[in-house]
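Heads up: the structure comes next, in structure tokens.
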Amino acid sequence: MKVLERAAQAAEAVMGRVAWLMSAAAALSVAGIVAILVFSSLQRYMLAQPIPETEELAAFLFVTVAFLSVPEGFTSNRQIRVLLVWRKLPDRAQGWAMVLGHLLTIAVLVMLIVQLRDFAAMSYEFQSRSYVSDFIMWPWMAVIPVSLGVLCLAVAARALVDLHAVLSGAPVREARAATELEPE
């Protein structure tokens, strides 16, 4: 039991650090969006020479921001939770329901990752390029399955933590968080 606990905690800690690094990259992407838009506005209004690549590059960076920040939201417990039915379950069932939810989430993420990886691979194979700016598309497309892969690993680590909690009779993290959120 101690081995499972140590492995689960170590895996969750590693995923937390990876997610934080991805979130830092997302923050840099936000800074890139701001810089591109400011520079483009200056070009347009001061020099009357708009930059045609602005919208495409900003869109690519926006998608990057959205997907790179998802794992950090999960690992820091800032994801959306719908706990109406879950809270009505007995304590022991809550833990098993959470573990089952993690496993179903992993299954869905794996299916998405496979499909999106294939899509990015096809883009690489054909050397797809964007319409206006002629940017190579596959690196931007690869951000999505990579981010979802990290999220999948983070959910797997959380599943191990919650499984250990259930097996040892302790409440899962969501149960502890739910009691902290309840009004007094």
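Note on the chain: dipole from Cβ charges, positive end direction compared against GLN79, PRO50, ILE36; the farthest Cα belongs to GLN79. Spacing of the modelled spin labels on VAL34 and ALA93, each 7 Å from Cα toward Cβ, amounts to 4.9 nm.
Here the average projected area of the convex hull drawn through the C-alpha atoms of segment 76-170 stands at 7.9 nm². Estimated translational diffusion coefficient (Stokes-Einstein, Kirkwood radius over Cα pairs, 20 °C, 1.002 mPa s) of segment 2-181: 115 µm² per second. Solvent-free Debye calculation, one equal scatterer per alpha-carbon of segment 125-178: log10 I(q)/I(0) at 0.12, 0.13, 0.26 Å⁻¹ equals -0.50, -0.54, -0.96. Using a Gaussian network model of the chain with C-alpha springs under 10 Å, which one of VAL63, VAL143, VAL38 is most mobile by mean-square fluctuation? Checking each option, the largest mean-square fluctuation is seen for VAL38. Counting Lys and Arg as +1 and Asp and Glu as -1 over every other residue whose Cβ lies under 11 Å from the Cβ of LEU37, the net charge comes to 0. Stretching the chain fully between VAL110 and ARG44 yields a gain of 19.4 nm (0.36 nm per residue, less the alpha carbon separation).
Grab the other residues whose beta carbon is less than 15 angstrom from that of LEU163, score K and R as +1, D and E as -1, and report the net. Net charge around LEU163: +1. ALA8 sits among other residues whose Cβ lies under 12 Å from its own Cβ, and their net charge, with Lys and Arg +1 and Asp and Glu -1, is +1. Considering only VAL70, VAL161, VAL132, the mean-square fluctuation computed in a Gaussian network model of the chain, springs between alpha carbons under 10 angstrom, is largest for VAL132. Calculated [222 nm] ellipticity per residue, helices only, for the chain: -27000 deg cm²/dmol; basis is -39500 (n - 2.57) per DSSP H run with n ≥ 4, divided by all residues, nearest 500. Label sites at ARG6 and LEU84, each approximated as a point 7 angstrom past Cα along Cα to Cβ, lie 4.5 nm apart.
Any read-out appearing in this document is the output of simple, stated calculations on the displayed coordinates, not a laboratory observation. What you see is a predicted model; the values in this text were computed from it and never measured. A quick note on method: Cβ atoms are made from the backbone with ideal geometry, for glycine too, and the neighbour counts reach across all protein chains shown.
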